[in-house]
Amino acid sequence: MISSLFGRVLHLSQDRVVIDLSGVGLAAVITPATSARLSIGNDAQLFTSLVVREDSLTLFGFLDEESRVLFELVQTVSGIGPKVAMAILAVMSPDDLRSAVAQENIAAIERVPGIGRKGAQRMILELKGKISDLSTGGHPLTHVAPWREQLTSALMSLGYSAKEADAGVANLVVHLQEEGKDPATLQMSELLKGALQSGQRGRGSL
């Protein structure tokens, strides 16, 4: 896992930077605000998150650890991938998003391109109680729940792709929340059964 980059900026645009690491140029996707604080020819340090897909490896870069952790956290919300996560960070600071979730400010979150009213409501529902665990110093007190990681691994061991497993877990979270259940209080066997049932209409839905 590539967790940080430090080197000279070789190329820079509004949404991408290439950093020289001992003769090797590594590209990272960034926000316009991050781009504005970098300059070609100068050294830069970025905290990074590597997103692995079946057909690609994409590195996302951030100026601070808190933004990197938030980028990964918002992707635990069903329906939000890396592209929308970056859009969130381009429009809102970590403090802005934390405040919007705490105050259930749907309008503030709706300002993010790609997120409508239902998406904003879902973000508030799924992030409340999680996002407040990010300290102002940028160090997470908690991250992805252990049960979620274990369930994703269990689904992948049964032959599901990472994308299908993530979708299955996201669907399960929505169903449990509708029933007023906390997944952290359930046995892994129950969670696995529920995730599999959510995909009974076809592998494409899980």
Next item on the list: Among VAL77, GLY25, ILE40, flag the residue with its Cα farthest along the positive direction of the charge dipole of the chain, charges on Cβ as +1 for Lys/Arg and -1 for Asp/Glu.
Entry: VAL77
Note to self: Looking only at the chain, where both bridge partners belong to it, what percent of the DSSP beta bridges are antiparallel (to the nearest 5)?
What the structure shows: 95
Note to self: Please give the charge dipole size of the chain, origin at the Cα centre, charges +1 on K and R Cβ atoms and -1 on D and E Cβ atoms. Round to the nearest 20 debye.
What the structure shows: 440
Check: How high is the relative contact order of the chain, in percent, with contacts defined as C-alpha pairs under 8 Å that are six or more residues apart?
Finding: 13
Check: In degrees between 0 and 90, to the nearest 10, how far off the longest principal axis of the chain does helix 188-198 point, with axes built from Cα atoms?
Finding: 90
Notebook entry, point to check: When ILE106, ILE40, ILE88 are ordered from fewest to most other Cβ atoms inside 10 Å of their Cβ, what list results?
Noted result: ILE40, ILE106, ILE88
Note to self: At a 10 Å Cβ-Cβ cut-off, how would you order ILE124, ILE80, fewest neighbours first?
What the structure shows: ILE124, ILE80
Next item on the list: Output the Kirkwood hydrodynamic radius of region 1-114, Cα pairs only, in Å rounded to one decimal.
Entry: 14.7
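Once you have a ≥ b ≥ c as the square roots of the Cα gyration tensor eigenvalues for the chain, tell me rounded if a/c is under 1.5, and otherwise prolate or oblate according to whether a/b is larger than b/c.
prolate
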Next item on the list: Averaging sequence separations of C-alpha pairs under 8 Å and six or more residues apart, then dividing by the length of region 146-205, give the relative contact order as a whole percent.
Entry: 41
Check: Looking at the square roots a ≥ b ≥ c of the eigenvalues of the Cα gyration tensor of region 146-205, which shape do they give, rounded for a/c under 1.5, prolate if a/b is larger than b/c, or oblate?
Finding: oblate
Notebook entry, point to check: Does anyone have the angle between helix 162-178 and the longest principal axis of the chain? Alpha-carbon axes, 0 to 90°, nearest 10?
Noted result: 60
Notebook entry, point to check: Which lysines have a Cα lying under 26 Å from the Cα of LYS181, excluding residues fewer than 8 positions away in the same chain?
Noted result: LYS118, LYS128, LYS130, LYS163, LYS193
Margin query: I'd like the orientation of helix 146-157 relative to the chain: the angle between its Cα long axis and the longest Cα principal axis, in ° from 0 to 90, rounded to 10.
Written below: 80
Margin query: Placing unit charges on C-beta atoms (Lys and Arg positive, Asp and Glu negative, everything else neutral), compute the dipole magnitude of region 4-62 about its Cα centre in debye, rounded to 20.
Written below: 140
Next item on the list: With a cut-off of at most 15 other beta carbons within 10 Å, and DSSP calling the residue loop, which GluC sites (Glu not before Pro) in region 24-93 qualify? Please list them.
Entry: GLU54
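Each reported figure results from applying straightforward, stated rules to the coordinates on display, with no laboratory input. These numbers come from a predicted model, not from an experiment. No Cβ is skipped: glycine too gets one built from the backbone with ideal geometry, and neighbour counts run over all protein chains shown.
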